[in-house]
Amino acid sequence: MTQAAPQALTATAGNSSVERVLHDQAVRETRRQGLIEHAAVAVGRAVLIGAILGLWAYAAGRWVDSQAISDPAAVLHALYDLVTTGRLWPDLWQTVFEVLAGYAFGALAAVLVASLFAIFPTMEEALRPFLIAVYSIPKVALAPLMIMWFGLGNAPKIILAGGFVFFIVFMNVVSGIQSVNRNHINIVRVMGGTRVTVLRKIVFPTAIPFLFLGLRLAIPEAMIGAVIGEFIAASRGLGFLIYSASNELNIAVSMAALVVLVFVVAIGDVLIGLLERVWLPRQLQQADPRAAR
């Protein structure tokens, strides 16, 4: 008996060491595969961008009139002039301000309304037809009315951007709320959880991935809303820069401003993606019904 105990402890320690080694190997392999996948994605994106630029440069002046689509070299030169002369920055900051304000306003309103629907399910049934009716209205058609109602300042652009963002985020959050596993809710209730506990531990954490999806999809929508408002009535902004350059038949400047718009949207998507990577694992842990005790 006394000899068997040390042997059992030695075997247990040996098994733990083997498990630790296997775990470390699995972690290293996972990291290696992740690096390979990220490198493959980066290379694929670079190849795609290079192919698009090459095709564009070849088509300009051969397949399509270069005055209609310009060419990459002319657009790069126009972008350089916009940056070095300082002409770009006032328009860029104006559009970024409108996009950020509209994005924050629309996303916050969407989360609040969706949360009310989660707390009061009958409210969703009562208001759903009205929200669908408002969503069916083309937002572009509302732009002139926004200018008439709120003037020529920042307000109509922010409201347009917020309107575009609201429905994208709202629909995704509501979908997340409706996708909650009813069995998890029943488990929490059997364990004595209250309605607040169900919402805090099950419903809201489950809806977080859908929220981040909506937030990422809403970034270009916010830009679209702000630029549409600048097209109609503005004296500053990237939309105004594109519109005025197009009227002057300066396609290179218009394309350069479009490139800046794309970069702004890409930066926003990267930032939301980083926030999602940090925040999402914690919320998924909270969504486990065992954590609701």
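The values are calculated or read from the model by the stated rules, or taken from the named source; none is laboratory data. All of these numbers come straight from a predicted model, not from anything done at the bench. With ideal geometry, Cβ positions are generated from the backbone for all residues, glycine too; neighbour counts draw on all protein chains shown.
May I ask you to verify whether residue 96 is assigned to a helix (DSSP H, G or I), in the same structural domain as residue 198 (by TED's automatic domain parsing) and surrounded by fewer than 17 Cβ atoms within 10 Å (Cβ to Cβ)? For residue 96, the condition - assigned to a helix (DSSP H, G or I), in the same structural domain as residue 198 (by TED's automatic domain parsing) and surrounded by fewer than 17 Cβ atoms within 10 Å (Cβ to Cβ) - is not met.
Condition check: in a helix (DSSP H, G or I), touching a Lys or Arg at 6+ places or on another chain (Cβ under 7 Å) and more than 18 Å from residue 219 (Cα to Cα). Does residue 90 satisfy that? So residue 90 passes the test.
For residue 70, the criteria (1) more than 30 Å from residue 157 (Cβ to Cβ); (2) at pLDDT below 85 hold in every case but one, which is (1).
Among residues of the range 146-177 being surrounded by fewer than 16 Cβ atoms within 10 Å (Cβ to Cβ) and at pLDDT 80 or above, the one that is nearest to residue 109 (Cα to Cα) is 175.
Under the condition of being touching a residue at least 40 places away in the same chain (Cβ under 8 Å) and within 25 Å of the chain's Cα centre (by Cα), which residue from the range 131-145 is surrounded by the fewest Cβ atoms within 10 Å (Cβ to Cβ)?
First, the residues of the range 131-145 that are touching a residue at least 40 places away in the same chain (Cβ under 8 Å): 139-140, 143-144.
Retained after the next criterion (residues that are within 25 Å of the chain's Cα centre (by Cα)): 139-140, 143.
On the way: 139: 17, 140: 13, 143: 22.
Checking each candidate, the answer is 140.
Taken together, 258, 249 contain a single residue that is outside any helix (DSSP H, G or I), in the same structural domain as residue 153 (by TED's automatic domain parsing) and either of a type in the set (Val, Ile, Thr) or closer than 19 Å to residue 70 by Cβ (or both), which is 249. When the range 65-75 is limited to residues that are assigned to a helix (DSSP H, G or I) and touching a residue at least 12 places away in the same chain (Cβ under 8 Å), the one that is surrounded by the most Cβ atoms within 10 Å (Cβ to Cβ) turns out to be 75. The set of residues from the range 23-50 being within 27 Å of residue 245 (Cα to Cα) and either in the same structural domain as residue 246 (by TED's automatic domain parsing) or of a type in the set (Gly, Ala, Ser) (or both) comprises just one member, 50.
With respect to residue 101, is the statement that it is touching a helix residue (DSSP H, G or I) at 6+ places or on another chain (Cβ under 9 Å) and either in the same structural domain as residue 243 (by TED's automatic domain parsing) or at pLDDT 80 or above (or both) true?
Working: touching a helix residue (DSSP H, G or I) at 6+ places or on another chain (Cβ under 9 Å): yes; either in the same structural domain as residue 243 (by TED's automatic domain parsing) or at pLDDT 80 or above (or both): yes.
Yes: the conditions hold for residue 101.
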